[in-house]
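Inspection log for the structure reproduced underneath, given as structure tokens.
The values are calculated or read from the model by the stated rules, or taken from the named source; none is laboratory data. Computed from a prediction, not measured in an experiment: that's the story for all the values here. With ideal geometry, Cβ positions are generated from the backbone for all residues, glycine too; neighbour counts draw on all protein chains shown.
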Amino acid sequence: MNKSLLRQESSHYFIEDVKLTDIAQKFGTPAYVYSKKHILDQINFLQNALSDIDHLICFAVKANSNLSILKLFKECGCGFDIVSGGELQRVLTVDSLNSKIVFSGVGKSVSEIEMALNNNILAFNVESEEELFRINDISQRLSKIAKVSIRVNPNVDAKTHPYISTGLKDNKFGIDETSAIKLYKKAAKLDHIKITGIDCHIGSQLTDLSPFEDAFIKLASLIDELESNQIAVEHIDIGGGIGISYNNEDISPIDFYVQMIKKYLLKYNKKIILEPGRFLIGKAGLMLTNVEYIKKSEHKNFVLVDAAMNDLMRPSLYNAFHEVINLSNTQDSNDIFDIVGPICETGDFLAKDRNIKANQGDILAIMDAGAYGFSMSSNYNSRPRVPEIIVDKDEFYLIRERENFSDLIAHEEKFLK
Ligand SMILES: *Cc1c(COP(=O)(O)O)cnc(C)c1O
């Protein structure tokens, strides 16, 4: 697992059997590039690790929602974890009969709930009492029975970046344990609700997986309490959050995670649902960018590239680290550079304080950008979104074309007077 995406051969870098500079030449920069094999290997790896457990992997669509990528996950038998009507429609576009969708998120709207009910999703992960009643009302109006899990907030510290920690009691997500039991009892009395599961997602990018232990212990004690109240669940959804190494962080071995599932949850004999995103695709993608200028001053040196915070937001948003490799020049440098984009914001950086030797026209790879890369991108500064390309052995092809100026103004032009 997490094998290196890049292979170096003499002075060239390859993904599978494709030279990266060939991709840059054909489709230009900036561009996202993914390896099909890397994604498949990672899914297989997780499926094998879980082979003794009755489980369903629901890929977290928000990590990477490209249709061709979703299709790949579908073909591997995965379900999907969605957080919006838009994500639901994306999944249905590649898998119109999908019954393996779990719907998370604190703010599900009426129309999103209707759409989900009409498509018979596997479960709503309910995040508040008001949401439960709203789902029951809509479900009654549509003569449906909504299958629900309640998302429990176990108040455990995921020890990750505060913006992606979701299981602490002051986060907006889920319901505390005491209230969850009360809500389950209310749910059990609603005519258009069927309780099918219990759910928990404590955060993202956990490198130390031990916080899951606390979460699983709390889930187990909740299940015991539910059972003593004659409330049975069919599945236990343990969320996503398994981290990847961006900067040589130590990641707990996946076996440790699997052993914890077995130790605390297997005895209930329920299906275990997982919602991994980053773990499955984070290291399978990178972003190519071209060096436009080198700017040196007494205090600070900059490599100015053609990609920016709108294309890859993680550095600006979370101060996240992405390794940067100069594909055109592998020499070491004695100088330290920030790698920055052309956007008019000081927060527009892709990497800080890197020892890198670069010249105008070099192609850089911003590594580990397969998750929360393209899916978080925007058009800020009227920058068309960049293309996405997938490599399959010695072939590579577009799975999303570069946007153009017409795309940018498509919804405004008709209002010009
Ligand atoms: C974001 C999210 C995930 C996926 O998180 P990863 O860290 O990418 O595995 C899973 N479940 C929920 C509810 C989420 O919000």
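Just a few scattered comments:
- Within region 199-210, the set of residues being closer than 14 Å to residue 164 by Cα and more than 10 Å from the ligand (Cβ to nearest atom) comprises just one member, 207.
- Residue check, residue 340 crowded, with 18+ Cβ neighbours inside 10 Å and closer than 13 Å to residue 30 by Cβ: no
- The one condition from (1) touching a strand residue (DSSP E or B) at 6+ places or on another chain (Cβ under 6 Å); (2) more than 14 Å from the ligand (Cβ to nearest atom); (3) assigned to a helix (DSSP H, G or I) that residue 196 does not meet is (3).
- Candidates 199, 191: the one that is within 20 Å of residue 264 (Cα to Cα), in contact (Cβ under 8 Å) with a residue 24 or more places away in the chain and out of contact with any His (no Cβ under 8 Å at 6 or more places or on another chain) is 199.
- Residue 160 vs. criteria of a type in the set (Ser, Thr, Tyr) and within 11 Å of the ligand (Cβ to nearest atom): yes
- Residues within region 224-250 that are within 13 Å of the ligand (Cβ to nearest atom) and surrounded by fewer than 20 Cβ atoms within 10 Å (Cβ to Cβ), tallied: 1
- Of all the listed residues (120, 155, 125, 171), the sole one being of a type in the set (S, T, N, Q), part of a loop (DSSP other than H, G, I, E, B), within 16 Å of the ligand (Cβ to nearest atom) and under 22 Å from residue 236 (Cα atoms) is 171.
- Residues being within 16 Å of the ligand (Cβ to nearest atom) and out of contact with any Cys (no Cβ under 7 Å at 6 or more places or on another chain) - total across region 211-223: 3
- Hey, residue 244 of a type outside the set (Lys, Arg), in the same structural domain as residue 257 (by TED's automatic domain parsing) and not in a loop (DSSP other than H, G, I, E, B) or not: no
- Complete set of residues in region 167-190 that are under 20 Å from the mean Cα position of the chain (by Cα) and either outside the structural domain of residue 240 (by TED's automatic domain parsing) or surrounded by 18 or more Cβ atoms within 10 Å (Cβ to Cβ) (or both): 167, 173, 174
- Counting the residues of region 227-258 that are over 22 Å from residue 168 (Cα atoms) and free of Cβ contacts under 8 Å to residues at least 60 places away in the same chain gives 12.
- Residue within region 380-397 that is over 25 Å from the mean Cα position of the chain (by Cα), over 21 Å from residue 36 (Cβ atoms) and outside any loop (DSSP other than H, G, I, E, B) present: no
- Set side by side, the residues 164, 135 differ, and just one is closer than 16 Å to residue 83 by Cα, at pLDDT below 95 and surrounded by 16 or more Cβ atoms within 10 Å (Cβ to Cβ), which is 164.
- Only strands (runs of 3 or more DSSP E) whose full extent lies in region 1-111 are considered here, and the ones with at least 3 residues that are among the hydroxyl-bearing types (Ser, Thr, Tyr) are 31-35.
- Cross-chain or 6+ apart pairs with Cβ under 6 Å, region 90-107 first and within 22 Å of residue 197 (Cα to Cα), then within 14 Å of the ligand (Cβ to nearest atom) and of a type in the set (Phe, Trp, Tyr): 91/80; 101/80; 103/124
- Check on residue 309, touching a helix residue (DSSP H, G or I) at 6+ places or on another chain (Cβ under 6 Å), surrounded by 23 or more Cβ atoms within 10 Å (Cβ to Cβ) and not assigned by TED's automatic domain parsing to the domain that holds residue 68: yes
- For region 250-284, a tally of residues being within 17 Å of the chain's Cα centre (by Cα) and among the β-branched types (Val, Ile, Thr) returns 2.
- Of the set (1) away from the ligand (no atom under 12 Å from the Cβ); (2) at pLDDT 95 or above, all apply to residue 63 but (1).
- When the criteria are applied in full, residue 25 meets the requirement of being over 30 Å from residue 256 (Cα atoms) and among the polar types (S, T, N, Q).
- Filtered residues of region 95-114 (kept if buried (at least 18 other Cβ atoms within 10 Å of the Cβ), more than 13 Å from the ligand (Cβ to nearest atom) and at pLDDT 95 or above): 100, 112, 113
- Of all residues in region 271-298, those that are away from the ligand (no atom under 16 Å from the Cβ) and part of a strand (DSSP E or B) total 12.
- Considering region 254-270, the residues that are away from the ligand (no atom under 16 Å from the Cβ) and either modelled with pLDDT under 95 or among the hydroxyl-bearing types (Ser, Thr, Tyr) (or both) include one that is nearest to residue 196 (Cα to Cα), namely 268.
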